[in-house]
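Trainee: Mind looking over this structure? Questions follow.
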Amino acid sequence: MATLGADRASNRVLENIMMTPLGMIRSIGKIVRGGAGPLQIFIACVLGVMIGITPGGNLTLASGILLLVLLNANLPLTLLGAAIGKALMYALAPLTFSVGRLLIEDVAGGLFTAMANAPLLALMGLDSYCLVGGLIVGAVVGAVFGLALAGTIVTIRRGVLAARDRSETFDRTGHNIFVRIILRLLFGGRKSGG
């Protein structure tokens, strides 16, 4: 019996990673329904953009992925943020280079030189202008994106709850068996109480 539950859980994780159209719709539905709180949405967006804007594969990228796992960030939102970050990595390359050069050479040159030469921190690539500038730009863009998305989702949730409370038609429609079947197919099952 334990393996059956583990198989279902791994299938859900694979569905989220594969991001099929139905999986994307279900992920959005779960987020809007209350599957992730505003703080989880914010963290997922910031980490996603910072992971996406990190050039190359290095210890900085691995650290971002480790933080993603440790903080239990929402995977679909993190993947969305990573896609945005990857697009920004190419679009804002001159800006990230300039910010990184300013930080490394002018503002905190000694600190970055020491970190770039330290045994483990050298693997993070902190001597790269685009990486250091990208982390700063990614944190700012991710924070703005996370705040905007969290605010939008909270507003949508409040609007749906208000419409349900004041509309008898909305309530009747929600209890219709055919509507419930369609919603179940599109957005998945309800969260279990507890």
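The values are calculated or read from the model by the stated rules, or taken from the named source; none is laboratory data. Here the structure is a predicted model, which is why all the values come from computation and not from measurement. Using ideal geometry, Cβ is built from the backbone for each residue, glycine included, and neighbour counts are taken over all protein chains shown. Areas reflect the complete protein model, heavy atoms only, side chains present, ligands, DNA and RNA absent. Shrake-Rupley method; radii C 1.70, N 1.55, O 1.52, S 1.80 Å.
Trainee: Any idea how many residues of the range 128-147 are without any contact (Cβ under 8 Å) to a residue 60 or more places away in the chain and open to solvent by 60 Å² or more (accessible area, probe 1.4 Å)?
Mentor: Final tally of qualifying residues: 3.
Trainee: Follow-up. Can you give me the ranges of the helices (runs of 4 or more DSSP H) entirely in the range 34-120 with at least 3 residues that are at pLDDT 85 or above and closer than 30 Å to L161 by Cα?
Mentor: Output list reads 38-53, 75-91.
Trainee: Shifting gears a bit: Quick check, is I25 at pLDDT below 85, open to solvent by 40 Å² or more (accessible area, probe 1.4 Å) and β-branched (V, I, T)?
Mentor: yes
Yes or no, residue by residue, for (1) more than 14 Å from T60 (Cα to Cα); (2) over 28 Å from the mean Cα position of the chain (by Cα); (3) touching a residue at least 12 places away in the same chain (Cβ under 8 Å); (4) open to solvent by 30 Å² or more (accessible area, probe 1.4 Å):
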position: A91; (1), (2), (3), (4): yes, no, no, yes
position: T96; (1), (2), (3), (4): yes, no, yes, no
position: G100; (1), (2), (3), (4): yes, no, yes, no
position: D106; (1), (2), (3), (4): yes, yes, no, yes
position: L111; (1), (2), (3), (4): yes, yes, no, yes
position: A122; (1), (2), (3), (4): no, no, no, yes
position: L126; (1), (2), (3), (4): no, no, yes, no
